[in-house]
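Everything on this sheet refers to the single structure shown next.
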Amino acid sequence: MPIQNITLDRSAPGTLKDKLKDALLNQIRSGALRSGERLPPTRILADQLGLNRGTVSSAYDDLVAEGVLNAHVGRGTYVEGLPVDGNLRQGPFRWSDHFTDLELVPRERELLAQATRAAGPDTVSFAGLVPDETLYPVRALGKALSEVLDEYGAPLLAYGPPGGHDAFLDFLRGYLAEERGVVQGEQELLVVNGSQQAVDLLARAFLRAGDTVLVEEPSYFGALEIFRGYGTRLVGIPVDEHGLTVNGLEAVLAREHPKLMYVMPTFQNPTGSTLPASRREELVRLSSRYQIPLIEDDFDGELYYDEVPPRPLKSLPGSEGVIYIGTPSKMLFPGLRIGWVAAAEPVIRRLSRIKQVTDLSGSPLLQAALARFANDGELKKHMPVVRKAYGRRMRRLLASLEEHMPQGVTWTHPKGGLSILVSLPAGLDSSELLPEAIAKGVMYTPGRLFFTRDGANHMRLSIGRTNEQSVEIGARRLGEVLREALAKSKKVGRRERGAVLPPV
Ligand SMILES: Cc1ncc(COP(=O)(O)O)c(C=O)c1O
């Protein structure tokens, strides 16, 4: 007899065995399975749930060991009952029973972790939006670190002020005004531990479970994970080659009443697309008209190849509702874990309090060192170097894709940043192709991570872990993977069509 109403949530984290054990325990707790009742044979339950028979046997064995089930050789497996009060349980501590239902994107993250472990030294990795380590100005930072330690001494190793170290705030105010056109008062800046923390603090400040957040479709999965983690509903607005599409956005705002919008106007992750000035103005107008806080994530706006992109939303008139976040992570290096928020004073005050509760303070030492590094002219020296290197590399990647991609595959053409989005013909699934790609020595980030729904036939390629030679090799390998996958999908398609029309 199959068990009624038993399902396993395959998208949730955890092994299938643990999920089955949980499901069986829930059936016993709810009374659907009673003490003394016989469980279906492992083969039958495995067929019913689409599981491997070994998984079912192993779940039964665990529950027998925990005293929940009883196995009689030759007669089958029976429910014994929940131990004592229904909560006490023998056996190993089962952490999965204790976690909240915080939603974390499970499968693709896991896939990527597996892929990274499986990747050989010759694998060309287009995965991970990170800057090139060989370009890090390590010595200059070392010098700045030792200089500030000599100058300021022990206070740099104490807890810092919650808003950020004074020397860094001074530098930041000048840098934002000069380089980004974002002019802020003393109380309108906050230094955080990476812009990722800024998104999390903003989510804590503004969102409750059930709220709606408007995001680009596709968007940065690190932000999507945060918003999902707070139990919010994501509404995706399509991105085209010029960034977020603003036509029809007003109607969506009026209908959905989002609590927050999150956008990357310049060299968007993952597409690399950039909003032109007219769309920027429209976005700011809408945020102001509907009074919806608009998070502007300017994570790589400085990484243009040739042409300087339009200034940030936060530099435009009427941008009171824009909450600007920035980071040195892509232009320099991410390991300092420094980021910043520029916003209206009440927002900064609120975030600063939440940040204090979260982690007390950032690192005064690292902030002071980064300020010294920049004030010594090292940032100004570094930027042309990375702009030129990434520009050449990206041009090489785009040319290699032209050469090696099969027909039907398209990709974006960014003018800055580190990533492009590749779109595959419908029916190809970049998550499923990843093991094959690894076997051929190339790796990418599967598209599903970036979309609020589906996204399977996309992949992000990022150039930070490559060089001008390896992008060509990677594109060729990727071309082979996709060509083979397309040939296979055509064969399967033909066979399936044959099966629908049996010969008479
Ligand atoms: C769009 C975007 N925002 C924010 C971050 C987080 O950067 P960090 O926390 O290092 O400043 C990333 C990292 O990849 C990103 O891609």
When the range 43-67 is examined, which residues are found to be in contact with a Lys or Arg (Cβ under 7 Å, 6 or more places away or on another chain) and either part of a helix (DSSP H, G or I) or among the hydroxyl-bearing types (Ser, Thr, Tyr) (or both)?
Arg43, Ala46, Arg53, Thr55, Ser58, Ala59, Asp62, Leu63
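For every residue, the table says whether it meets (1) open to solvent by 30 Å² or more (accessible area, probe 1.4 Å); (2) more than 25 Å from the chain's Cα centre (by Cα); (3) within 19 Å of Thr274 (Cα to Cα).
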residue	(1), (2), (3)
Lys355	no, no, no
Leu379	no, yes, no
Arg395	yes, yes, yes
Ser423	no, no, yes
What are the pairs with Cβ atoms under 6 angstrom where one residue, in the range 320-345, is open to solvent by 10 Å² or more (accessible area, probe 1.4 Å) and the other, located anywhere, is near the ligand (Cβ under 7 Å from one of its atoms)? Sequence gap at least six, or different chains.
Lys330/Phe299; Arg337/Gly194
Can you name every residue in the range 171-200 that is farther than 13 Å from Trp340 by Cβ and either within 16 Å of the ligand (Cβ to nearest atom) or under 29 Å from the mean Cα position of the chain (by Cα) (or both)?
Gly181, Asp200
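Considering Phe221, Phe267, Phe168, which residue is aromatic (Phe, Trp, Tyr), buried (at least 20 other Cβ atoms within 10 Å of the Cβ), within 16 Å of the ligand (Cβ to nearest atom) and modelled with pLDDT under 95? So that I can check it myself, show each step before the final result.
Values: Phe267 fails: modelled with pLDDT under 95; Phe168 fails: modelled with pLDDT under 95.
Residue meeting the stated conditions: Phe221.
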Among all residue pairs at least 6 apart or on different chains, which show Cβ distances below 6 Å where the first residue, located in the range 211-227, is under 17 Å from Gln197 (Cα atoms) and the second is within 11 Å of the ligand (Cβ to nearest atom) and not hydrophobic (A, V, I, L, M, F, W, C)?
Tyr220/Asn269; Gly222/Gln196; Ala223/Tyr262; Ile226/Asp200
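I need the full set of residues from the range 295-308 which are more than 15 Å from the ligand (Cβ to nearest atom) and either touching a helix residue (DSSP H, G or I) at 6+ places or on another chain (Cβ under 8 Å) or closer than 19 Å to Tyr175 by Cα (or both), in order please.
Narrowing the range 295-308 to residues more than 15 Å from the ligand (Cβ to nearest atom): 304-308.
The answer is Tyr304, Tyr305, Asp306, Val308.
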Look through the range 224-259, keep the residues that are among the charged types (D, E, K, R) and part of a loop (DSSP other than H, G, I, E, B), and return whichever of them is least open to solvent (accessible area, probe 1.4 Å).
Lys259
Of all residues being among the aliphatic types (A, V, I, L, M) and either buried (at least 18 other Cβ atoms within 10 Å of the Cβ) or outside any helix (DSSP H, G or I) (or both) in the range 270-293, which is nearest to the ligand (Cβ to nearest atom)? Just the residue, please.
Leu275
Positions within the range 294-308 being farther than 15 Å from Ser219 by Cα and either among the aromatic types (Phe, Trp, Tyr) or open to solvent by less than 30 Å² (accessible area, probe 1.4 Å) (or both), in sequence order
Gly301, Glu302, Leu303, Tyr304, Tyr305
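The values are calculated or read from the model by the stated rules, or taken from the named source; none is laboratory data. Quick caveat: nothing in here was measured; it's all calculated off a predicted structure. Methodologically, a virtual Cβ is constructed for each residue, glycine included, from the backbone with ideal geometry; neighbour enumeration extends over all protein chains shown. Surface accessibility is based on the protein's heavy atoms, side chains included, excluding ligands, DNA and RNA. Shrake-Rupley method; radii C 1.70, N 1.55, O 1.52, S 1.80 Å.
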